[in-house]
1. Mind listing just one residue for me: the one in the range A:26-56 that is surrounded by fewer than 18 Cβ atoms within 10 Å (Cβ to Cβ) and at the interface with chain B (Cβ under 8 Å from one of its Cβ atoms) and, of those, nearest to B:GLY113 (Cα to Cα)?
2. As an exercise: evaluate A:HIS93 against (1) more than 13 Å from chain B (Cβ to nearest Cβ); (2) touching a strand residue (DSSP E or B) at 6+ places or on another chain (Cβ under 7 Å); (3) not in a strand (DSSP E or B) and give the number of the one condition it does not meet.
3. Where in the range B:89-157 are there strands (runs of 3 or more DSSP E), lying wholly inside it, with at least 2 residues that are of a type outside the set (D, E, K, R) and surrounded by fewer than 21 Cβ atoms within 10 Å (Cβ to Cβ)?
4. In the range A:64-84, what count of residues is obtained for those that are within 7 Å of another protein chain (Cβ to nearest Cβ) and at positive phi?
5. Looking only at the range A:43-65, which residues are hydrophobic (A, V, I, L, M, F, W, C), in a strand (DSSP E or B) and farther than 19 Å from B:ILE76 by Cβ?
6. Condition test on A:ALA79, is it surrounded by 21 or more Cβ atoms within 10 Å (Cβ to Cβ), touching a residue at least 40 places away in the same chain (Cβ under 8 Å) and touching a Lys or Arg at 6+ places or on another chain (Cβ under 6 Å)?
7. Could you list, in sequence order, all residues of the range B:68-108 that are over 16 Å from B:VAL131 (Cβ atoms) and more than 7 Å from chain A (Cβ to nearest Cβ)?
Amino acid sequence: MASIRLSVPSKAASGDVIELKALIQYPMESGYRRGSRGEAIARDIITKFECTYDGEVIFKASFGPGVAANPFLSFHTVATKTGTITFKWTHQHGEVWSDSAEIIVT
Amino acid sequence: MIGKPDKHPDFSRRGVLGLGAGLVSVALLPLPAFAAEDDMRAAQVKLFGDRPINVGRVNLKVPPIAENGYSVPVSINVDSPMTSGDYVKRIAIFSPRNPVSHIADFELGPRSGKAEVSTRVRLGGSQILNVIAEMSDGSLWSGTAEITVTLAACIIM
């Protein structure tokens with residue numbers, strides 16, 4: 001259900017610092033809202049994010065209910081070699097979504 | 001014993017008036033309006049331990065006025081060379097006014113190249129957002145940014 005959008009440069013020179021952007025569509029229900037009948041709406045959020053570059057973890061994040069819906073992240077890494085950059089989100093109940101992008105490093 | 005029933009020393013006019021004034025001033029003291037400030041400190045201690053926090057090296061870029069507290073862009077930049085010997089290990093965002101003070105934290109490393117992270121957060125009102133960065137040598141640095149929130153998250157629901 002969660003749709004993912006990534007921004008990874010397709011090419012980079014070795015040693016370049018590149019910006020990676022990732023967005024996942026998710027409501028991030030904070031657990032503090034009430035429905036139309038006043039009933040509490042249970043918390044339903046993504047709590048962990050991890051980015052790996054050729055299998056090596058390069059960035060991790062953990063989210064609380066204070067992160068906006070459709071969590072967006074932008075961070076940096078050093079382009080080292082041609083490979084796959086994988087982005088992985090983990091829900092509070094353990095469900096996992098992931099997507100990846102290829103980068104060519106010259 | 002039945003000698004002088006007229007004056008009780010504890011209830012002089014001046015004493016009673018003074019007591020009344022004292023009670024009024026206690027009642028006028030504001031309620032702990034920033035109870036969440038303590039929550040923020042507790043959240044910081046939970047994450048980083050009770051270590052001294054230096055001010056500086058952490059720069060925050062936020063809109064001065066956020067019309068919608070549901071999604072406020074926050075950009076964090078930490079002054080660090082990001083080499084294998086000196087880099088930013090962790091960055092955490094804290095709010096003194098949200099129901100949960102700890103908004104998010106990020107783990108970086110020497111491979112990050114640049115200690116710059118952006119995300120979007122929810123804010124439960126106008127406040128001074130607090131960001132703490134932990135360096136590879138274990139020192140903690142902090143930066144703040146004041147945001148006026150027109151439509152707060154968590155209130156109108």
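1. This residue is A:GLU56.
2. The number of the failed condition is (2).
3. B:127-135, B:140-151
4. 0
5. Result: A:ILE46, A:VAL57.
6. Answer is no for this residue.
7. Within the range B:68-108, B:ASN68, B:GLY69, B:PRO81, B:MET82, B:THR83, B:SER84, B:GLY85, B:ASP86, B:TYR87 meet the criteria.
Listed here are the residues, each with its yes/no results for (1) under 15 Å from the mean Cα position of the chain (by Cα); (2) within 12 Å of another protein chain (Cβ to nearest Cβ); (3) at pLDDT 95 or above.
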position	(1), (2), (3)
B:SER112	no, yes, no
B:VAL117	no, yes, yes
B:ARG120	no, yes, yes
B:GLY124	yes, yes, no
B:ILE128	yes, no, no
B:GLY138	no, no, no
B:ALA153	no, yes, no
B:MET157	no, yes, no
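The values are calculated or read from the model by the stated rules, or taken from the named source; none is laboratory data. If you're wondering where the values come from, they're calculated on a predicted model, not measured in any experiment. Quick reminder, even Gly has a Cβ in these numbers, built from the backbone with ideal geometry, and neighbours come from all protein chains shown.
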